[in-house]
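Student: Mind looking over this structure? Questions follow.
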Amino acid sequence: MSAPPLPASLLDRATLAVGPGTGPAVAGELAALTGRPVLAYDTAGRLTGAHGAADAPLVLVGPTLPPALRGDPRVRWFHSVNAGVDALLDGGWPAGVLLTRTVGRMGERIGQYALAWVLADCQGVPGHLARTAARTWRREPSELAAGQTALVYGTGRIGTAVAEALRAAGVRTVGVGRGEHAPGGPFDERVTAEEDGAWLGRARFVVDALPLTEATRDFFADTRLSALGGATFLNVGRGGTVSLPALGRALAAGQVSAAVLDVLADEPPAPGHPVWELPRTTVTSHSAGITADTDITEDFRAGWQALREGRVPELAVRVGRGY
């Protein structure tokens, strides 16, 4: 479960600081929101800027929490500038520290990314590009996206946005998620991971929008990938949810017709990394849902307001679950 709400009195005394790589626009927006100076912290955990009280609670915004600050009892809230928090939780999370994450319009961006690749696949765009590069003229077969079936793994904000985008093109979407997730939304049907077997051989597209947890690590391995019937596989979730050796075997056997990987367990991959050897695979360098400064500030603003009203922020991470 997430940490309990922080009292408004604590927020009134808190010192805010932004981490490495967080743009000055973010610091400016946070200063305007809170009415106080915003400091900076570096990779060693050193605070720089106009210091307040030495014992003031710390509210931090950034991509990582350095070890020195991870063990600092003054840290009470960390707002991650990323949607995925598995790297932050690796090795445990400090007790009593609220962790929130940034989603912003990332779902909309990732939804359009997924739709773009689905349409490109249906229209034979990879073949057209290859024939242009080879200076050869030949018609490529095409198919309509409407009426095709996509399995979307992950029915949270990202998976829901993917389903919304695909449905706009007439794609039938089956959401695969946890049983307690609310029904409805843009999915034509909802099933749990234990119930996906009937759909694997029927799916034209499989979209991985899963977070990385102990339950989802190598989720797409031989058993699941070998059950596909020539689907195109897209990973917009986390790299560690896919076994690359298993994906390679499924591509070689034709059980996966093509793959588009926006995320990898090892980023960036070295020139000799096995991913570069996968057939019919496109790697897009973790660019499907690039976070904008406005995403960070708006989600922090929502969390700040929720805490001042005595509520748990909507984007609070349930540490035990991993997202």
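Student: If region 77-229 were replaced by its equivalent ellipsoid, with semi-axes equal to the square roots of 5 times the Cα gyration tensor eigenvalues, what would those be, largest first, whole Å?
Tutor: On the way: eigenvalues 203, 74, 50 Å².
They are 32, 19, 16 Å, listed largest first.
Student: Nearest 500 deg cm²/dmol is fine: what mean residue ellipticity at 222 nm does the chain get from its DSSP H runs of n ≥ 4 alone, each adding -39,500 (n - 2.57), divided by its residue count?
Tutor: My calculation for the chain gives -8500 deg cm²/dmol from helical runs alone.
Student: Quick check of the Kirkwood formula: for the chain, what is the inverse mean of 1/r over all pairs of different Cα atoms, in Å?
Tutor: On the way: mean 1/r = 0.0471 Å⁻¹.
21.2 Å is the Kirkwood radius here.
Student: While we're here: At 0.36 nm per residue, and after removing the present C-alpha to C-alpha distance, how many nm does the segment from THR132 to ILE290 gain when stretched out fully?
Tutor: The THR132-ILE290 span can extend by a further 53.9 nm.
Student: For LEU144 and ALA32 in the same chain, what is the full-extension length gain: residue separation times 0.36 nm, less their Cα-Cα distance, in nm?
Tutor: Here the segment from LEU144 to ALA32 would lengthen by 35.4 nm.
Student: Taking the Cα centroid of region 255-323 and of region 66-145, what is the distance between the two, rounded to the nearest whole Å?
Tutor: Taking the Cα centre of each part, region 255-323 and region 66-145 sit 4 Å apart.
Student: Using the basic label-point model (7 angstrom from Cα toward the beta carbon), what is the ARG249 to ALA68 distance in nanometres?
Tutor: Once both label points are built, they end up 4.7 nm from each other.
Student: At a Förster distance of 45 Å, what's the computed FRET efficiency of ALA265 paired with ASP12, Cβ-Cβ distance as r, to 0.05? Spell out each step's value before the answer.
Tutor: On the way: r = 42 Å, r/R0 = 0.93.
Taking R0 as 45 Å, the efficiency between ALA265 and ASP12 is 0.60.
Student: On full extension of the chain, what length is gained from LEU119 through ARG105, given 0.36 nm per residue of separation minus the C-alpha to C-alpha distance? Each step should come with its number before you reach the end.
Tutor: Values: separation 14, 0.36 × 14 = 5.04 nm, distance 2.14 nm.
In short, 2.9 nm is gained.
Student: Of the chymotrypsin sites (Phe, Trp or Tyr not before Pro) in region 112-148, which ones lie in a loop per DSSP and count no more than 13 other C-beta atoms within 10 Å?
Tutor: TRP137
Student: Report, to the nearest whole %, how much of the accessible area of region 184-323 belongs to carbon and sulfur atoms, 1.4 Å probe, protein only.
Tutor: 51 percent
Student: Taking Cα pairs under 8 Å and at least six residues apart, what relative contact order does the chain come out at, in percent?
Tutor: 19 percent
Student: While we're looking at this one, here's another question. Using θ = phi - 60° and the Karplus curve 6.51 cos²θ - 1.76 cosθ + 1.60, what whole-Hz ³J(HN,Hα) does each residue of region 85-96 get, with Gly and Pro shown as x?
Tutor: Karplus values, whole Hz, x for Gly and Pro: 10, 4, 5, 5, 7, 4, x, x, 10, x, 4, x.
Student: Something else: Residues of the chain: accessible area per residue at 1.4 Å, in Å²?
Tutor: Details: 15140 Å² over 323 residues.
Roughly 47 Å² per residue, with all protein chains present.
Student: Another question about this same structure. Can you work out ³J(HN,Hα) from phi for every residue in region 64-72, in order, using Karplus 6.51 cos²θ - 1.76 cosθ + 1.60 and θ = phi - 60°, giving whole Hz and x for Gly and Pro?
Tutor: In residue order, the calculated couplings are 9, 10, x, x, 4, 7, 4, x, 8 Hz.
The values are calculated or read from the model by the stated rules, or taken from the named source; none is laboratory data. Just so we're clear, the structure is a prediction, and the values are computed from it rather than from any experiment. With ideal geometry, Cβ positions are generated from the backbone for all residues, glycine too; neighbour counts draw on all protein chains shown. Side chains included, ligands, DNA and RNA excluded: accessible areas come from the protein's heavy atoms. Shrake-Rupley method; radii C 1.70, N 1.55, O 1.52, S 1.80 Å.
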